[in-house]
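A short write-up of the structure that comes next.
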Amino acid sequence: MVSETLSLFQGLFEASPDALVVVNSDGQITLVNRQTEKAFGYMRSELIGRSIDRLIPECPQSLQLKQCLRFKEAPHQEPLGGRLALIGRRKDGSEFPLDILLSPMDSGNGTQVLAAIRDISERNAVLAALYEARERTRVTLESIGDAVLSTDTDGNLLYLNRVAEKMIGWSCDEALGKPLAQVFPIIKDGTQLGLAIGELKGNAVARQSILTRRDGTKLPVEYSLAPIHDGAGKMVGAVIVFRDTSTVRELTRQMAYLAQHDFLTNLPNRVLLNDRLTQAIGYASRCGAQLAVLFLDLDHFKHINDSLGHGVGDRLLQSVAQRLTACVRSSDTVSRTGGDEFVILLAEIEHADDAAISAEKLIAALAQPHRVAGRDLQVSTSIGISVYPYDGQDAETLIKNADLAMYHAKDSGRDNAQFFTPDMNLRSVERQTVESGLRQALDRDEFELHYQPKVDLVTATTVGAEALIRWRHPQRGLMSPAQFIPIAEDSGLIVPIGRWVMHEACRQMQTWRKNGVPLVPVSINISVLEFRSRHFLDDLSAILAETQVEPRYLELELTESVLMQHAEAAIYVLDELKRIGVRLAIDDFGTGYSSLSYLSHFPIDVLKIDQSFVHEITTHAYNATIVSAVIGMCEGLQCDVIAEGVETAEQAAFLLARRCTQAQGYYCGKPMPADNFVRQLGVRREGLALPPRVRERVSGRRTLQRRGP
């Protein structure tokens with residue numbers, strides 16, 4: 001029986017996964033197992049009779065071991081058991097952490113101690129990794145811009161990060177253990193919501209609601225709620241991530257307003273006018289009523305802009321808008337459709353003569369002097385009138401016919417009003433003449449491209465160009481795009497003309513490259529008809545392949561309206577364009593009717609701030625706010641921003657101070673032939689250097705920004 005017990009003990013002793021070492025009261029090793037040999041690299045013969053110091057070198061912690069063993073320093077005391085964390089040393093001199101469990105035992109040869117020794121290197125590595133992961137998570141949660149809180153399955157708060165503390169008004173210590181409904185009360189449609197943490201399943205879904213902060217104030221938030229599971233898949237809590245959406249909501253509101261209103265006069269723009277006119281036509285059709293559309297164009301307004309500047313011209317337009325609004329009923333609509341053109345909807349009239357009376361009233365009101373910039377300005381207007389249902393059955397036709405009548409009023413001496421009549425075809429004949437000439441212009445090689453520089457305001461160097469088409473008409477000379485592009489779009493000729501522009505721009509870049517000229521991106525405007533053409537992508541690929549121009553040097557500019565009319569289809573085409581490698585820009589940003597939700601899905605590289613916002617950014621706080629908001633939005637969308645229509649150093653300084661470093665406009669350079677443009681590449685243009693006082697102002701603004709939150 002003793003023999004069997006001894007055999008069993010020896011088997012267990014040798015099979016132990018821990019290193020087992022028996023030490024006598026002299027600190028000498030009397031017995032070891034195989035795991036000890038494996039762990040420390042010694043043979044048994046090298047350990048038996050040796051001091052325990054061979055395995056556990058002298059160190060401050062090893063004094064605890066000696067105290068537990070009760071060596072000769074305390075010969076009359078019994079050895080103590082215990083657990084120690086020490087450092088072991090292998091035969092090769094390497095050291096590793098140990099966990100030692102000491103158990104006294106009476107062997108018959110005096111009291112000895114059994115030391116069960118375990119290598120805890122892997123455990124320590126796991127603990128270190130867990131600590132690092134925990135610390136990384138903590139730092140991440142405290143550093144991100146979103147608010148984060150977590151709860152147990154009963155909905156009691158376990159954690160708030162600093163952003164959450166600041167947003168809801170509770171500190172983490174105060175909120176710890178409190179119900180979620182008390183710390184994070186949210187309201188939707190006037191009803192407080194209860195978040196059932198225990199019933200939560202699936203992934204986080206973003207929701208919009210109102211958060212009632214601790215001080216009672218309301219804050220719009222977007223939050224998502226997601227479950228937390230343990231290793232066995234059991235739900236142990238939840239995490240809520242939320243953010244303040246007040247800024248985004250305000251920006252959305254501003255952009256929605258801009259989408260339907262003219263930036264300068266705050267009047268409804270063409271989009272809102274069309275909507276109201278369509279509704280008015282529907283009402284008039286049901287009731288058998290009449291309505292009138294008045295198309296106004298200021299006479300010789302260009303002379304005011306050219307002689308007194310755009311600033312004076314813009315303020316005159318604002319004065320005109322105020323007088324027009326004062327002359328009509330609240331049920332009528334005064335809109336600015338562009339430039340010096342205004343359209344007025346008289347929603348209900350009894351007779352066509354009522355429209356004539358209103359037109360005479362408008363002409364008289366505008367004829368009174370306008371006090372602008374310390375001077376009295378005289379202005380007259382030509383008005384065209386169309387009447388529903390006689391002159392058109394839809395909004396587009398009524399506006400078009402009123403436009404034709406307005407041109408007839410101009411031809412009749414200006415400063416008068418004319419009703420539309422079917423024989424008013426003067427403008428139509430002109431358009432037909434231009435259209436006929438356009439059809440031959442491509443074959444006769446009458447088009448040419450001019451290049452307007454895009455400038456880096458920091459380095460005062462040219463970093464890109466916009467290719468602008470010109471028509472060298474055999475009789476009329478050099479014609480600007482405004483004189484023929486609208487006709488080309490209406491007739492569908494814009495598609496072959498646009499293909500020619502794309503090919504000519506790439507051919508020019510190919511020539512520059514062969515001549516050793518450093519290339520910069522060249523942008524071209526893409527019309528809605530080009531963009532929707534089924535051959536658009538194939539034509540672009542073929543042109544790039546033929547000219548061997550790297551796609552990254554070609555930038556396509558599209559307006560908001562082009563993208564938003566068929567947003568889903570636009571996303572597909574844009575993705576294909578990005579796959580090809582060309583750059584994409586939204587032109588005239590802020591003047592269309594963009595949707596921010598769609599905008600975030602468009603793979604856009606550049607947003608171009610429309611020149612209408614830039615003209616008075618240094619004098620009008622409204623424009624400055626909008627421009628700053630767009631720049632900030634671009635940073636959020638991680639796309640470049642360039643300002644159009646920059647005409648003064650003050651405007652350039654304003655943009656630079658707000659981190660918009662690229663500009664285009666007469667301050668940077670007018671459109672010019674290719675040979676003139678190429679001379680500017682790689683050259684610092686000293687004429688663009690900001691004056692010292694402006695540089696100081698920019699520097700001061702940057703300092704203020706650095707000191708901001």
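Tell me whether the range 44-52 contains one or more residues that are touching a residue at least 12 places away in the same chain (Cβ under 8 Å), among the charged types (D, E, K, R) and open to solvent by less than 40 Å² (accessible area, probe 1.4 Å). No, the range 44-52 contains no residue that is touching a residue at least 12 places away in the same chain (Cβ under 8 Å), among the charged types (D, E, K, R) and open to solvent by less than 40 Å² (accessible area, probe 1.4 Å). In the range 344-353 there is at least one residue that is in a helix (DSSP H, G or I), over 23 Å from VAL271 (Cβ atoms) and either open to solvent by 20 Å² or more (accessible area, probe 1.4 Å) or hydroxyl-bearing (Ser, Thr, Tyr) (or both).
Determine if the range 207-216 includes at least one residue that is modelled with pLDDT of 80 or more, surrounded by fewer than 12 Cβ atoms within 10 Å (Cβ to Cβ) and not basic (Lys, Arg). Yes; the residues of the range 207-216 include at least one that is modelled with pLDDT of 80 or more, surrounded by fewer than 12 Cβ atoms within 10 Å (Cβ to Cβ) and not basic (Lys, Arg). Filtered by the rule that a residue be buried (at least 16 other Cβ atoms within 10 Å of the Cβ), over 46 Å from the mean Cα position of the chain (by Cα) and modelled with pLDDT under 90, the range 411-436 gives a lone residue, MET424. Would you be able to say whether some residue in the range 445-461 is part of a helix (DSSP H, G or I) and open to solvent by 30 Å² or more (accessible area, probe 1.4 Å)? No, the range 445-461 contains no residue that is part of a helix (DSSP H, G or I) and open to solvent by 30 Å² or more (accessible area, probe 1.4 Å).
Scanning the range 474-490 for residues that are open to solvent by 30 Å² or more (accessible area, probe 1.4 Å), closer than 21 Å to VAL429 by Cβ and touching a residue at least 12 places away in the same chain (Cβ under 8 Å) yields PRO474, GLN483, ILE485, GLU489, ASP490.
In a residue-by-residue description of the range 232-240, the property of being free of Cβ contacts under 8 Å to residues at least 60 places away in the same chain, among the hydrophobic types (A, V, I, L, M, F, W, C), open to solvent by 50 Å² or more (accessible area, probe 1.4 Å) and not in a helix (DSSP H, G or I) applies to at least one position. You will find that of ALA292, ALA284, ALA280, the residue that is surrounded by fewer than 19 Cβ atoms within 10 Å (Cβ to Cβ), closer than 21 Å to GLY384 by Cβ and not β-branched (Val, Ile, Thr) is ALA284 and no other.
Before we move on, is GLN35 modelled with pLDDT of 70 or more, surrounded by 12 or more Cβ atoms within 10 Å (Cβ to Cβ) and part of a helix (DSSP H, G or I)? It is true that GLN35 is modelled with pLDDT of 70 or more, surrounded by 12 or more Cβ atoms within 10 Å (Cβ to Cβ) and part of a helix (DSSP H, G or I).
Where in the range 484-581 are the helices (runs of 4 or more DSSP H), entirely inside, with at least 2 residues that are modelled with pLDDT of 90 or more?
On the way: elements: 485-491, 494-514, 528-532, 536-547, 560-564, 567-580.
Where helices (runs of 4 or more DSSP H) fall fully within the range 484-581 and carry at least 2 residues being modelled with pLDDT of 90 or more, they are 494-514, 536-547, 567-580.
Is it the case, given these coordinates, that HIS408 is part of a strand (DSSP E or B) and of a type outside the set (Gly, Ala, Ser)? In short, no. Among residues of the range 527-543 that are touching a residue at least 12 places away in the same chain (Cβ under 8 Å), those with a beta-carbon under 6 Å from a residue that is open to solvent by 70 Å² or more (accessible area, probe 1.4 Å) at least six positions away or on a different chain give the pairs SER527/GLU489; ASP539/ARG499.
Of all residues in the range 365-386, those that are under 10 Å from VAL320 (Cα atoms) have Cβ atoms under 8 Å from Cβ atoms of residues that are among the hydroxyl-bearing types (Ser, Thr, Tyr) and open to solvent by less than 10 Å² (accessible area, probe 1.4 Å), 6 or more apart or on another chain, in LEU366/THR381. When ASN266, ASN305 are checked against the criterion of being of a type outside the set (Ser, Thr, Tyr), under 38 Å from the mean Cα position of the chain (by Cα), modelled with pLDDT of 90 or more and open to solvent by 20 Å² or more (accessible area, probe 1.4 Å), a single residue qualifies: ASN266.
Yes or no, residue by residue, for (1) at pLDDT 85 or above; (2) assigned to a strand (DSSP E or B); (3) out of contact with any strand residue (DSSP E or B) (no Cβ under 8 Å at 6 or more places or on another chain); (4) open to solvent by 70 Å² or more (accessible area, probe 1.4 Å):
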site: PHE13; (1), (2), (3), (4): no, no, no, no
site: THR30; (1), (2), (3), (4): yes, yes, no, no
site: GLU58; (1), (2), (3), (4): no, no, yes, yes
site: GLU73; (1), (2), (3), (4): no, no, yes, yes
site: PRO79; (1), (2), (3), (4): no, no, no, no
site: PHE96; (1), (2), (3), (4): yes, yes, no, no
site: ASP99; (1), (2), (3), (4): yes, yes, no, no
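The values are calculated or read from the model by the stated rules, or taken from the named source; none is laboratory data. Because the structure is predicted, anything quoted here is derived from the model rather than measured. Please note: Cβ atoms are built from the backbone with ideal geometry, for glycine as well, and neighbour counts cover all protein chains shown. We work out accessible area using only protein heavy atoms, side chains counted, and drop any ligands, DNA or RNA first. Shrake-Rupley method; radii C 1.70, N 1.55, O 1.52, S 1.80 Å.
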